[in-house]
1. Considering every Cα-Cα pair within the range 6-89, what fraction, in whole percent, is farther apart than 16 Å?
2. Based on alpha-carbon atoms only, what is the radius of gyration of the range 309-396 relative to the globular estimate 2.2 N^0.38 Å?
3. Against the globular-protein guess of 2.2 N^0.38 Å, express the Cα radius of gyration of the range 128-211 as a ratio, rounded to two decimals.
4. Need the list of lysines near Lys272 for cross-linking: C-alpha distance under 29 angstrom, and skip anything on the same chain fewer than eight residues off.
5. With every atom except the alpha carbons ignored, what do you get for Rg and Dmax of the range 306-353, in angstroms?
6. Around Glu52, which amide H atoms from residues at least 5 apart in sequence, or from another chain, sit under 5 Å from its own amide H, with H modelled in the peptide plane?
7. Report, please, the projected area of the range 382-455 averaged over directions, based on the convex hull of its C-alpha atoms, in nm².
8. How much length would be gained if the chain were fully extended between Ala44 and Arg377, taking 0.36 nm per residue of separation minus their Cα-Cα distance, in nm to one decimal?
Amino acid sequence: MQLLAFILLIGPLIFFHELGHLVAAKLVNVKVLRFSLGFGKPLARVRIGETEYCLAPIPLGGYVRLLGHGADEDIPPQEAHRALRNKPLWARYFVLVAGPVVNLVLPLLLYFAFFLSHTVVGPPVIGTVLDDSAAAAAEIQAGDRVIEIDGDDVHSWHDMQSHVRVAPERELRLQIERDGIRFDRFVTPRRTVIKDVLGESQPIGLLGVYPWVYAPQIGLNDPNSPAFAEGLRTGDIITSINGEPIHTVEQLEKELAKTRDTSLRLTYLRAKPARADIGTFLWFESAHAKLLPRAETKFSTGILPANTFVRSVDPDSPAASAGLRPGDQILAVDGRSISRWETLATLLDRHGEGSIEIEVRSLGEEPRAIEVSQETRTWRDVYRQEHSYLWFGANPYQSRALPPAEPIRGRFTYAARASFDETLSLLRMMWTSLRQLVTLQRGVDELSSVVGIFNVAGTAAERGPGEFLLLMALISMNLGFVNLMPIPILDGGHLMFFTLEAVRRRPLSQRAREITSAIGLIIILALLLIALRNDVIRFWLTP
């Protein structure tokens with residue numbers, strides 16, 4: 001199955017690459033002698049017109065043999081006008097660049113098929129709004145739906161993100177729908193700088209919103225509060241207040257803000273662990289409580305949202321070393337008060353491995369300050385690619401949920417726009433990666449060979465057709481870029497020869513071509529050996 005996945009991945013990409021050369025040659029009347037899919041002695045062949053079409057056993061490439069491609073090739077006088085080397089420079093460029101260009105354009109179709117297969121998407125509905133964010137300043141609220149941004153329809157959460165990310169510190173007009181009423185809000189996304197997958201710094205715009213909504217889960221830090229006295233504990237989930245159902249933490253905060261000295265009847269859920277042979281399960285039991293806020297507690301129930309309470313702390317983690325404990329509430333980071341764990345995560349990410357001061361409070365204790373320095377750790381994904389992340393080591397109470405997915409409005413338009421954006425993003429990533437390799441910003445230890453492609457093809461196939469299409473788009477873009485590199489024996493090398501010929505106004509000598517081709521072959525073999533070594537270490541020697 002892995003071999004079949006590999007052939008299904010590489011075969012179409014090679015076919016379309018060579019087909020690009022074939023069609024371009026036919027268009028400028030260059031004689032095509034052979035079209036071969038694969039290397040080696042042909043397993044099957046058929047002649048159609050003047051061209052022989054072959055299927056060979058080694059599925060690692062293919063080729064199109066053109067009349068007059070070689071400088072020393074003997075050409076019958078009656079066919080001299082159909083030889084590649086006798087064609088104008090633009091025609092030779094067109095024939096050789098057609099293959100790589102097909103590989104660069106093919107991701108458009110692959111991404112289009114991928115996005116067209118989607119029937120539902122996450123809606124552009126605001127779930128959580130961070131304090132002191134661009135969205136909060138524009139009075140955007142949880143539950144708001146974004147209809148348009150600067151006149152463009154917004155179909156999904158991804159659409160909204162795409163519009164905002166490219167507009168740091170630029171005012172946007174958002175059309176919002178709230179409770180069936182539409183109105184405009186003008187918001188300026190905050191500028192922040194992130195590192196992309198290649199380590200390049202990139203400025204983006206942020207609204208400070210998330211799609212998920214938090215359950216009305218509570219935290220307690222005062223053992224003398226009415227809530228604690230009635231038996232409520234951190235982690236409990238409030239389901240109703242005075243008979244009114246509560247679904248989100250925002251609803252909980254609004255209901256609690258309405259009360260002062262009135263009695264509250266609460267229904268809540270508490271998780272109970274149940275161990276079994278295959279793992280530990282949580283089941284929730286319902287309970288009731290009756291609270292009467294007291295004057296001595298300033299009519300407070302003691303109930304707080306659980307967003308900033310610590311559920312667990314990993315042993316030997318930076319958080320544990322700093323003295324953070326389960327049940328602690330995070331109050332502030334470097335003097336900035338927070339009410340959402342996402343704010344803490346953002347600030348931690350900005351500090352990197354540098355020391356950061358966090359103000360915390362344990363149950364029944366006074367607030368205290370701790371110093372935390374995160375550690376950088378690595379992990380490997382299913383494709384055995386290594387990634388790094390900052391390890392804090394504390395986990396919050398995060399009982400949250402995404403809104404239900406919705407059918408896509410205008411699937412064709414959505415797929416076309418998304419495929420163009422993704423192809424453009426992939427093109428930028430490949431260009432940046434190539435530039436980093438040439439300028440030695442990125443090491444050759446990240447190169448991958450056919451062994452790596454063989455392994456990831458099977459993994460992608462197991463994960464479904466969507467994942468397989470995404471991998472095919474990535475490999476296609478790689479093939480296009482690699483073939484355009486100015487290395488002899490590649491398409492880019494031949495383009496380089498044609499350019500030198502145009503500048504010198506005479507072709508290179510046969511000896512010069514042989515020397516440069518040998519150098520190109522050595523470069524290719526060296527890169528292949530390095531890539532093969534990387535894949536052996538990555539897939540076979542690394543646990």
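1. On the way: 1887 of 3486 pairs.
Cα-Cα pairs in the range 6-89 separated by more than 16 Å: 54 percent.
2. Working: Rg = 13.6 Å, N = 88, 2.2 N^0.38 = 12.1 Å.
The range 309-396 yields a ratio of 1.13.
3. Ratio of Cα Rg to 2.2 N^0.38 Å: 1.08.
4. Reachable lysines: Lys254, Lys290.
5. According to the Cα coordinates of the range 306-353, Rg and Dmax are 10.7, 27 Å.
6. Excluding prolines and chain starts, which carry no amide H, the hits are Arg34, Phe35.
7. Details: hull surface 37.7 nm².
Its average projected convex-hull area is 9.4 nm².
8. Numbers: separation 333, 0.36 × 333 = 119.88 nm, distance 5.19 nm.
Residue separation times 0.36 nm, minus the Cα-Cα distance, leaves 114.7 nm.
Coordinate-derived values only; no laboratory data. Just so it is clear, the structure is predicted and the values come from calculations on it, not from any experiment. No Cβ is skipped: glycine too gets one built from the backbone with ideal geometry, and neighbour counts run over all protein chains shown.
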